[in-house]
1. Taking R0 as 25 Å, what's the FRET efficiency between Met64 and Ile326 from their Cβ-Cβ distance, rounded to 0.05?
2. What shape does the range 202-274 take by its C-alpha gyration tensor, where a ≥ b ≥ c are the square roots of the eigenvalues and a/c under 1.5 counts as rounded, a/b above b/c as prolate, and the rest as oblate?
3. FRET efficiency for Asp223 and Ala157, Cβ-Cβ distance as r, R0 = 60 Å, nearest 0.05?
4. Among the listed pairs Lys245/Lys283; Lys109/Lys245; Lys190/Lys283; Lys63/Lys98; Lys98/Lys331, which have their C-alpha atoms separated by more than 19 angstrom in this model?
5. In nm, what is the difference between 0.36 nm times the number of residues separating Asp176 and Met384 and their Cα-Cα distance?
6. For the range 26-172, what class follows from the C-alpha gyration tensor (a ≥ b ≥ c being the square roots of its eigenvalues): rounded when a/c is under 1.5, otherwise prolate if a/b is larger than b/c, else oblate?
7. Only one of the values (i) 24; (ii) 38; (iii) 28 was calculated from this structure for percent of Cα pairs over 36 Å apart; name its label.
8. Using 20 Å as the cut-off for backbone N distance, which residues of the range 36-71 belong to the label zone defined by a point 7 Å from the Cα of Asp355 along Cα→Cβ?
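What follows draws every value from the coordinates through simple rules; no lab data is involved. Computed from a predicted structure; not experimentally measured. Note: ideal-geometry Cβ built from the backbone for every residue, glycine included; neighbour counts use all protein chains shown.
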Amino acid sequence: MALPKRWTQKTELEDTAEEIMELQMGPSHPATHGTIKFNLKLDGERIVDCDVEIGYLHRAFEKMCEQGTWTQVFPYTDRLNYASPVINNVAFALAVEKLLGIECPERAKYARVIMSEVSRICDHLTCLGMAAVEVGAQTVGFYAIEAREFLYDLIEAVTGARVTVTWCRLGGIARDLPEDFSDRLIPAFKHLDAILKDCDKLLSRNRVFRDRMVGVGKISVQDALSYSLTGPLLRACGVPYDVRKAHPYLIYDRLEFDVPVGSEGDNFDRFMVRFAEIRESMKIVEQAVRELPQGPIIVDDPRIALPPKERVYGSIEGLMNHFKLIMEGVKVPPGETYHAVEGANGELGFYIVSDGSGRPYRVRVRPPCFFGMAALGQMLIGHMIPDIITTFGMINMIGGECDR
């Protein structure tokens, strides 16, 4: 449907009966997470223009990284997309390992993939559950949180934490998967599968849900590419771009999985793409667990790998090795590189520069939801005020990642 001319001009009209009203929504509005402001121009309740203003949670992540050693950056990465922190850990580790010219052991590669996909499922459950709540489907929100709890139990068993995991290390991982990981995984995925079926029955053909989502927040393929959208936002438009397929890393090229796509590029397609991706992530985890090899979980190089705690506490050599790596940092060869992974919201990349010291000279992150926020204003033109909530929810803006 063509938009009325006055909605595309984005100017105030001379006729006072059709006056364009300016309204600020957020950052104190509960639906904007306290971190986003929408500067709206309205024709009644219809959106004529929307200027999205970010920056209310800026924490100087990239500058803080330059104050610590390479290893000390990992806790900072947890606080980017805190709905899927393992993926942030893996992305940074791969970027630094690229400069170091090393690869982590095979078992560590499999473990990183397994935990990345579990983390991706947690992220999607958070997004979809809250999106359902925002259109009145409170039950689906509770179901999604219930499913996420089973996966958080898995993450806690592996990393020792539920959200701020700090699990990766340069050259490997901090802790191995527990011996009973497979036994824990089977019931967790069984519960997840049952909950996904219930959510599908509640929402996929629900009249109210479809009316609020179908055709809302639509964006064309050309505009999506122009805004550099990736992840579910781009795949909902029908473009099957996935970093795991286009630029395989770790062991993704050895695994069988599909890339779900939509066709309309609206909120409903974004919802269903994420829903389908949960199933694909489950397939990836099950394959990787079946093929998980034995072996070390970190490189055998005292210049890079932190020694295990028993060596630190039980020998002077281990203590000295630990002290040198913590105080001086891993000496990364001079150079610069960029490495990207498929985050829950799209391409998550780290551009890093080393001057040869134990501390990063420069760290820059490509946060996928930042680009989604840039396109949000265009997605909203012509829609109603309540559509801001559903469209913003499908962007899945994570404040720590967007503002850094």
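1. Values: r = 17 Å, r/R0 = 0.69.
The value I calculate is 0.90.
2. Numbers: a/c = 3.70, a/b = 1.59, b/c = 2.33.
It is oblate, given that a/c is not under 1.5 and a/b is not larger than b/c.
3. On the way: r = 43 Å, r/R0 = 0.72.
Efficiency at R0 = 60 Å is approximately 0.90.
4. Pairs exceeding the cut-off: Lys63/Lys98.
5. Values: separation 208, 0.36 × 208 = 74.88 nm, distance 4.97 nm.
Gain in length upon complete extension: 69.9 nm.
6. Details: a/c = 2.83, a/b = 1.52, b/c = 1.86.
Judged from the Cα gyration tensor, the range 26-172 comes out oblate (a/c at least 1.5, b/c at or above a/b).
7. (iii)
8. Counting backbone N atoms under 20 Å from the label point, the list is 61-71.
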